[in-house]
Each structure stands twice: as structure tokens, then as C-alpha cells.
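This is the structure I have questions about; it appears just below.
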Amino acid sequence: MDTKLAKKSFIEAYKKTFGNVSQSCKVVGISRTIHYQWLKEDENYKNELDNIEPSEMFLDYAESKLVENIGKGDTTAIIFTLKTKGKSRGYVERQEIHQETTYKSLDINIIDTGVPLASSEKDIVE
């Protein structure tokens, strides 16, 4: 496989494995060393990988599976979704109480007694 095709294949594998470098290397048949060499030497390759957000893709994938399971009538998936997304409609196991506190201001008046402040520990002792 030529290098250009291998890089393209790696990028696709990287997306499908949600950013797992080892898995992507196995899929393409290259070593991790080659991948990191490409990162150093090929700015376009590096930029393409930098623009991929594997954690967001993984969350999208997980959410799609959750929706699939809801569509199949999976009770656990339905309950989970209602507990997390349906709180405003009362689907909660515990009650959450939010308290707002208003603080009153405290006024401090300093009275000048004419006695000078201590400038050192020695002045306090004497």
C-alpha cells in the first residue's frame, strides 16, 4: 500500500476506533512508530487528525446505540433516558433541592483613638 493511501486509511480507522492509535495501526498494518513519524513530517496529516474529536464521536456513537435500544423497547435504555433527560418532567429517583442564600452586608466602623498602631512585635510587648 502506498503511503498516501495508508495515511488516508489510518485517518478512517482512527475515526472508526474513536481515536485509538494502536487499533488504527493494526487495521492499516503499520507500526505506531510510522504513525508518529507521519505526524512529525506531514503537516496536513497532523492537521486532519487534530480536527477529529474522538471523544465527541464516541458520545455520538453511544447516543445512537441508546436511541436504537429505546426503539427496540429496551426498558433499561428508556429508564436511563428518562432519568437523565426527563428530570424536568419528574423522572427522578431523588429530590434535588436548590437553595439560594442572600447575604447581608456587614458594616465595620473604625474609630481613631489616637493611639498609634504597633509597627513591630516589640511595640506590642512593651
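The values are calculated or read from the model by the stated rules, or taken from the named source; none is laboratory data. Because the structure is a prediction, the values reported are computed rather than measured. Cβ: placed from backbone, ideal geometry, glycine included. Neighbour counts: every protein chain shown. Surface areas here come from the heavy atoms of the whole protein model, side chains and all, with no ligands, DNA or RNA. Shrake-Rupley method; radii C 1.70, N 1.55, O 1.52, S 1.80 Å.
Given the residues I34, I11, I78, I30, which is the only one that is at pLDDT 90 or above, touching a Cys at 6+ places or on another chain (Cβ under 9 Å) and of a type in the set (A, V, I, L, M, F, W, C)?
Numbers: I11 fails: touching a Cys at 6+ places or on another chain (Cβ under 9 Å); I78 fails: touching a Cys at 6+ places or on another chain (Cβ under 9 Å); I30 fails: touching a Cys at 6+ places or on another chain (Cβ under 9 Å).
Only one candidate passes the filter, namely I34.
Would you mind telling me which numbered condition in (1) of a type in the set (V, I, T); (2) assigned to a loop (DSSP other than H, G, I, E, B); (3) open to solvent by less than 100 Å² (accessible area, probe 1.4 Å) I110 fails?
Here I110 clears every test but (3).
Considering segment 1-20 alone, what residues qualify as being open to solvent by less than 60 Å² (accessible area, probe 1.4 Å) and basic (K, R)?
Correct list: K7 only.
Could you list, ordered by first residue, the pairs with Cβ atoms under 8 Å in which the first is in segment 1-17 and small (G, A, S) and the second is in a helix (DSSP H, G or I) and open to solvent by 90 Å² or more (accessible area, probe 1.4 Å), at least 6 apart or interchain?
From segment 1-17, the pairs are S9/V27; A13/V27.
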